[in-house]
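The values are calculated or read from the model by the stated rules, or taken from the named source; none is laboratory data. Worth saying up front: this structure is predicted, and the values here are computed from it rather than measured. FYI the Cβ positions are ideal-geometry reconstructions off the backbone, even for glycines, and counts take in every protein chain you see. Accessible surface is based on the protein model in full, side chains and every heavy atom, while ligands, DNA and RNA are left aside. Shrake-Rupley method; radii C 1.70, N 1.55, O 1.52, S 1.80 Å.
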Amino acid sequence: MTGFGSGDAECSRAVELLAGCGRGVALTGAGMSQESGVPTFRDALTGWWARYDPMQLATPEAYRTDPARVFGWYVYRWRMARQVEPHAGHLALADVARSFDHFAVVTQNVDGLHRRAGSEDIIELHGSLEAFRCVGGRHPFDPERFRDLDLPEGGGVEPPACATCGSPIRPGVVWFGEQLPSDAIGRAHELVTTCDALLVIGTSSVVYPAAGLPDLALTAGATVIEINPDRTPLSPRATLHWPATAGEALPQLAAALAGTA
Ligand code: OAD
């Protein structure tokens, strides 16, 4: 049929489902940033965990065992996050938010791209690559000195000592085995249990507690729309699974919602 592109049926259904929804939330994962050139974790071949063992890079034990390797990987990712740009999907999500009375973004991503794209009320469940701090007193550390470092992927960087207390600097992210910041997960719970609609974008829905948020929303009666080219454990329960990338679906959704506003 001419004039109809892929995703039109899902887009129309999403607009129908979102009609009259005052409170919206987006839950995003690594797939949200994939089209900005940031690798996901679990995609075959291209994901970080296809090439590295998460237990050797993203745990407190790994940092204790090989601090330079772990710290270097986060410095590398911090620089990558600064070099890439938000894509059309990030920008469109900030537009989608305008169709709601209140809209928040709960993200597992640590790259800061939602903020740079203009989204507001962002809850960073897994911390931020910008938030380096010391192990001893949680004093903040400015990573600016690493901006021009010649650092190949996989290169090590010895963690510097905190200028205030002398303890080593670590990335301000949540590692496997660590608790999520209680204010962030508390706010996320509150948002998903009181929203009318939850958009779940670019997450494999396997890492808890984030992966449990859509079920809380469903139990509380919200519509859950999953945007992901692949099916996930959430897909059978989602109100709608839209098989598209964030960069394809979100601009289409933003345009359709603006047209019906
Ligand atoms: P994953 O890598 O597990 O999942 C990414 C999801 O995005 C997959 O389901 C892909 O199908 C999907 N995807 C890929 N490209 C996409 C695109 N362009 N648009 C939309 N979706 C796309 O990433 P997360 O679910 O975010 O934690 O992973 C959760 C956590 O596990 C991360 O925060 C990280 C990781 O290990 C830590 O490092 C502690």
> In the chain, carbon and sulfur make up what percent of the accessible area (probe 1.4 Å)?
Replying inline: 52 percent
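Given Cα pairs under 8 Å that are at least 6 residues apart, what percent is the relative contact order of region 41-99? Each step should come with its number before you reach the end.
Working: 22 pairs, mean separation 8.4, N = 59.
Result for region 41-99 is 14 percent.
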> Over the alpha carbons of region 167-206, what is the largest minus smallest coordinate on each principal axis, giving the biggest first in Å?
Replying inline: 45, 23, 15
>> Ranking request for peptides 103-116, 137-150, 61-74, 16-29: highest mean number of other beta-carbon atoms within 10 Å first, then the rest in descending order.
In response: 103-116, 16-29, 61-74, 137-150
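Based solely on its DSSP helices, what 222 nm [θ] is calculated for the chain when runs of n ≥ 4 H residues each add -39,500 (n - 2.57) and the sum is averaged over all residues, nearest 500 deg cm²/dmol?
It lands at -9500 deg cm²/dmol.
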>> Out of all DSSP beta bridges in region 156-261, what portion is antiparallel? Express it as a percent rounded to 5.
In response: 10 percent
> In degrees from 0 to 90, rounded to the nearest 10, what is the angle of the helix 246-260 Cα long axis to the longest principal axis of the chain?
Replying inline: 40 degrees
> What's log10 of I(q)/I(0) for region 1-69 at q = 0.22, 0.25 Å⁻¹, Debye sum over Cα points only, no solvent?
Replying inline: -1.02, -1.08
> Got a sec? Which residues in region 224-251 would a label at ARG98 touch, if it sits 7 Å along Cα→Cβ and we count backbone N under 20 Å?
Replying inline: 247-251
> How big is the C-alpha Rg of region 1-125 next to the rule-of-thumb value 2.2 N^0.38 Å, as a ratio?
Replying inline: 1.29
>> Can you give me the convex hull volume of the Cα atoms of the chain, divided per residue and expressed in Å³?
In response: 131 Å³
> Taking the DSSP beta bridges in the chain as the whole, what percent of them are antiparallel, to the nearest 5?
Replying inline: 20 percent
> Remind me, relative contact order of region 129-261 in percent, using alpha carbon pairs under 8 angstrom and six or more residues apart?
Replying inline: 16 percent
> Considering the chain as a Gaussian network with a 10 Å cut-off on Cα pairs, which listed residue, GLY31, GLY127, GLY186, attains the greatest mean-square fluctuation?
Replying inline: GLY186
> Once both axes come from the Cα atoms, what is the angle between helix 67-83 and the longest principal axis of the chain, in degrees from 0 to 90, rounded to 10?
Replying inline: 40 degrees
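With every protein chain kept in place and ligands, DNA and RNA left out, what is the accessible area per residue of region 53-166? Probe 1.4 Å, answer in Å².
Working: 5460 Å² over 114 residues.
Ligands and nucleic acids excluded, the result is 48 Å² per residue.
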> Using a basic spin-label model with each label point 7 Å from the Cα along Cα→Cβ, how many nm lie between CYS165 and HIS189?
Replying inline: 2.7 nm
> What is the helix-to-structure angle for 8-18, meaning the angle in degrees between its Cα long axis and the longest Cα principal axis of the chain, kept from 0 to 90 and rounded to the nearest 10?
Replying inline: 90 degrees
>> What is the distance in Å between the Cα centroid of region 6-36 and that of region 56-89?
In response: 29 Å
>> Let me check against my output: what whole-number percent is the relative contact order of the chain, with C-alpha pairs under 8 Å and at least 6 apart?
In response: 26 percent
